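Every number here is computed from the coordinates shown, using simple stated rules; none is lab data. The structure presented is a predicted model; accordingly, all values stated were derived computationally and were not measured. All Cβ positions, glycine included, derive from the backbone under ideal geometry; neighbour counts span all protein chains shown.
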Amino acid sequence: MGPDERHARHERRYQELVDELRGEFPRLRIVNKATSRLHRAIHHGLRVLTLGGMTAYLDGYQTTIGRTIYVTADWDDRDPRERYCTLRHEAVHLRQFRRFTLPGMAFLYLFLPLPLGVAYFRARFEMAAYEESIRAAAAVYGPEHPRRAGYRAHVLRQFTGPSYGWMWPFRGALERWYDGVLARLPPAAPAAGPGPGPTEGR
């Protein structure tokens with residue numbers, strides 16, 4: 001199979017996932033984040049709150065609010081494998097919003113127990129979503145991929161660093177969580193080809 005055929009196959013898998021999610025969430029929207037005044041405001045607010053630690057909100061992270069997935073301006077140009085993995089992550093958030101409602105998710109995600117430093121509910125929501133990212137990466141790139149040190153470090157940094165407001169700075173607990181996710185994956189095997197690090201989702 002040539003590179004064009006492989007790309008077409010990956011694109012079909014991504015589009016099939018979009019179709020599945022539209023069936024599950026008929027009011028689903030995928031919107032360019034840069035066109036949203038709200039997200040431009042969030043971007044600037046995060047830069048201030050994290051003392052300059054989070055500067056990639058608009059162009060590096062995809063964000064789900066309610067039934068809308070806000071994506072970076074380069075979304076359609078990204079590798080369809082990356083878009084597929086990211087969409088599986090965001091699908092977890094769609095289901096969380098359905099379960100807890102928009103006001104409930106906003107309150108739990110942003111404020112309990114603290115908005116920065118120890119954000120238990122934010123960490124729990126993101127653990128569920130990043131677990132799906134890890135499973136998707138294993139399915140797309142091979143089960144060895146999420147076992148790579150660089151991939152693992154990147155995921156854990158989302159919890160301990162400024163991107164999510166240092167939401168769960170307990171490295172030992174995170175290492176055990178990640179090991180538990182890996183234990184539920186198929187055994188490691190050589191990946192089909194090099195894959196990128198995890199794309200960012202919120």
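Listing for the model above:
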read-out	value
For the chain, calculated [θ]222 nm from helices alone, where every DSSP H run of n ≥ 4 adds -39500 (n - 2.57)	-19000 deg cm²/dmol
Size of electric dipole in the range 3-201: Cβ of Lys, Arg +1 and of Asp, Glu -1, about Cα centre, debye, nearest 20	560 debye
Length gained when the stretch Arg12-Asp179 is fully extended (0.36 nm per residue, less Cα-Cα span)	57.0 nm
DSSP-assigned coil residues among trypsin sites (Lys or Arg not before Pro) in the range 5-81, each with at most 14 further Cβ atoms within 10 Å	Arg27
J(HN,Hα) series, the range 37-47, from Karplus relation 6.51 cos²θ - 1.76 cosθ + 1.60, nearest Hz, glycine and proline x	4, 4, 6, 5, 5, 4, 4, 5, x, 5, 4
Spacing of the two label points (7 Å from each Cα toward its C-beta) at Leu110 and Arg124, in nm	2.0 nm
Choice from Ala41, Ala139, Ala91 showing the highest fluctuation, given a GNM over the chain with Cα pairs closer than 10 Å	Ala41
Arg171-Asp59 pseudo-label distance in nm [points 7 Å out on the Cα-to-Cβ vector]	3.1 nm
Relative contact order (percent, whole number), the chain, Cα cutoff 8 Å, 6+ residue spacing	21 percent
Environment charge at Gly53 (Cβ cut-off 13 Å; Lys +1, Arg +1, Asp -1, Glu -1)	+2
Gyration tensor (alpha-carbon) shape descriptor, the range 1-71, a/c threshold 1.5	oblate
